[in-house]
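The values are calculated or read from the model by the stated rules, or taken from the named source; none is laboratory data. Being a predicted model, the structure only gives us computed values, none of them experimental. Every residue, glycine as well, gets a Cβ built from its backbone with ideal geometry; the counts of neighbours run over all protein chains shown. Each accessible area value is taken on the protein alone, full model and side chains, heavy atoms only, with ligands, DNA and RNA left out. Shrake-Rupley method; radii C 1.70, N 1.55, O 1.52, S 1.80 Å.
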Amino acid sequence: MLQTQLAKGVQLTTVQSHQFKTNQIIINFRAPLARETITQRSLLSNLLETSSRDYPDQRALANALAAMYGAAFGAGVSRKGPTHNLQLAITVANERYLATDQPLTNQAIQFLQRVILQPLAADGQFDQATFDRQKKNLEAAIMSVADDKQYYAAQQLNTALFADEPAQQVPSYGTVSDLAAISAQSLYDYYQMMIQNDQIDIIVTGDVDEAAILAQWQQAGFEDRLTGRPRPFYQHHNTNQYVEVSEQQTLSQAKLNLGYDLPVFYRGNHYYAALVFNELFGGSPLSKLFMNVREKASLAYYASSSLDTFRGVLKVQAGIDGKNHDQVLAIIAAQLSAIQAGDFTDDLVEQLKLGLINDFESSLDSQRTFAVQALIDDLTQQRVTDAEWLRQIQSVTREQIIAVAKMVTLNNGFFLSGVTA
């Protein structure tokens, strides 16, 4: 791995690998999470993905990608703790494996630079017709989310779980109410601020000429960032009491979503033990939630848990028969209590560790894994080798798992129950 600062706050990371027959280039714009900019960034990613000065419509974009042996291009947004990311990526065949002299990797980087630095704009605003179309598309996409009842329930839980921080409540793709206030001019103004101020990570993975990659990105002319590095973690506020919000809709399967405070952060104290704990609690088919709530008691159509180690929370989601609400809440609590009391076997822990290790090793077959990890390493300013990760998982003890379980505090619940149409 070779890392070079192109400017203050602009880093190029080249991950040399002979494992893949494609090269992938990702550029990630990272900024502190702010309620007023989330929807702007989401709409901006849509615009940059579908148009630019040299590729004014999706047909022109498609033709350019086809000319690069069918390169794949996309953009999107995501949240990591207290940061928001806007990312563009292109994956192109490595010309070394093709019967061509066409410099595909060079062309892919050039394409990405044109899309990012030369948007479809004039007179201080984005092209109005393109802007209107993408604004309408984003509105429809946001509205459609409510049709996915589990996702809707998860978002409502977020609203309760992060009541003291509005930016943490908003989905990474934004809201319809915020979208309404955005104009072609105001979004272009924000785009210019993003280009100047966001922390930028450029990740290139594959069998590449590192010197040529560096020279090409140096020509992009990025300038020093005026703002400091965003914080990597958000500390959830533990209320130490359970509050549940309920809602009724026309649906056949009720949703019970629970939010817990768990002050364990990525690669911090208790992190590896927390990974094993989550597998034991609800993160795997061998977990207590799966085996006891879903299989033995038949109280849930599904029941699982997930960790968010960038915000210090644990979440449980379950699809249930609404009339079983109290029973399900009690049996979920019983599974956590059982772990806190050490009611699990060492053999099960070893199976869970093996599952984590298998998943980890399988992820190394994905080219994107290297890029994602490089972005997280830059955010947290720490790096762990594959061998160290495996060693840490293997060394987790039952006492450490119990200690993590005892740090878990139930704070919030959202119950979406059904009514007949």
Using alpha-carbon positions, what is the distance between the centroids of region 371-421 and region 82-137, in Å?
34 Å
What is the percent carbon and sulfur in the accessible area of the chain, measuring with a 1.4 Å probe over the protein chains and ignoring ligands?
49 percent
If I ignore ligands, DNA and RNA and count only protein heavy atoms, how much of Y242 is accessible to a 1.4 Å probe, in Å² to the nearest 10?
80 Å²
Given the options K135, K288, K406, state which has the largest fluctuation in a GNM of the chain using a 10 Å cut-off (strictly under) for Cα springs.
K406
Exactly which chymotrypsin sites (Phe, Trp or Tyr not before Pro) in region 99-199 are in a DSSP loop and have at most 13 other Cβ atoms within 10 Å?
none
Take every Cα pair under 8 Å in the chain that's 6+ residues apart, average their separations, divide by the length, and report that relative contact order as a whole percent.
22 percent
Report the per residue volume, in Å³, of the convex hull enclosing the C-alpha atoms of the chain.
157 Å³
Calculated FRET value between L354 and A387, using beta carbons and R₀ = 25 Å, to 0.05
0.90
In sequence order, what are the phi-derived ³J(HN,Hα) couplings for region 304-313 according to the Karplus relation 6.51 cos²θ - 1.76 cosθ + 1.60 with θ = phi - 60°, rounded to whole Hz, with x for glycine and proline?
8, 10, 8, 9, 10, 8, 9, 10, x, 9
When all Cα-Cα pair distances of region 81-203 are considered, the percent exceeding 16 Å is 74 percent
Number of Lys pairs in the chain closer than 21 Å at Cα, excluding neighbours under 8 places apart unless interchain, is 16
Evaluate 2.2 N^0.38 Å with N set to the residue count of region 1-122, then give the Cα radius of gyration divided by it.
1.14
Quick tally, 1.4 Å probe accessible area for D57, D326, D378, sorted with the most first, runs D326, D57, D378
Length added when fully stretched, A7-Q394, from 0.36 nm per residue minus Cα-Cα:
135.3 nm
Rounded to whole angstrom, the alpha-carbon centroid of region 150-201 lies from that of region 233-285 at a distance of 22 Å
Listed residue (G221, S172, F277) projecting farthest to the positive dipole end of region 161-290, Cβ model
F277
Contact order normalised by length for region 166-284, with contacts defined as Cα pairs under 8 Å and 6 or more residues apart; what percent is it?
20 percent
Gaussian network model of the chain, Cα springs within a sub-10 Å range: biggest mean-square fluctuation belongs to which of Q102, Q394, Q155?
Q102
Could you check the spin-label model distance between A297 and A403? Points 7 Å from the Cα along Cα→Cβ, value in nm.
2.9 nm
Of L375, T397, T385, which is farthest on the positive side of the dipole of region 338-398, counting Cα position, with +1 on Lys and Arg Cβ, -1 on Asp and Glu Cβ, and the Cα centre as origin?
L375
Restricting things to Cα coordinates, could you compute the convex hull volume per residue of region 201-341 in Å³?
224 Å³
Based on Cβ point charges of +1 for Lys and Arg and -1 for Asp and Glu, what charge dipole magnitude is obtained for the chain about its Cα centre, in debye rounded to the nearest 20?
320 debye
Provide the percentage of antiparallel DSSP beta bridges, counting only those with both residues in the chain; round to the nearest 5.
80 percent
Apply the a/c threshold of 1.5 to the C-alpha gyration tensor of region 237-287 and tell me whether it is rounded, prolate or oblate.
oblate
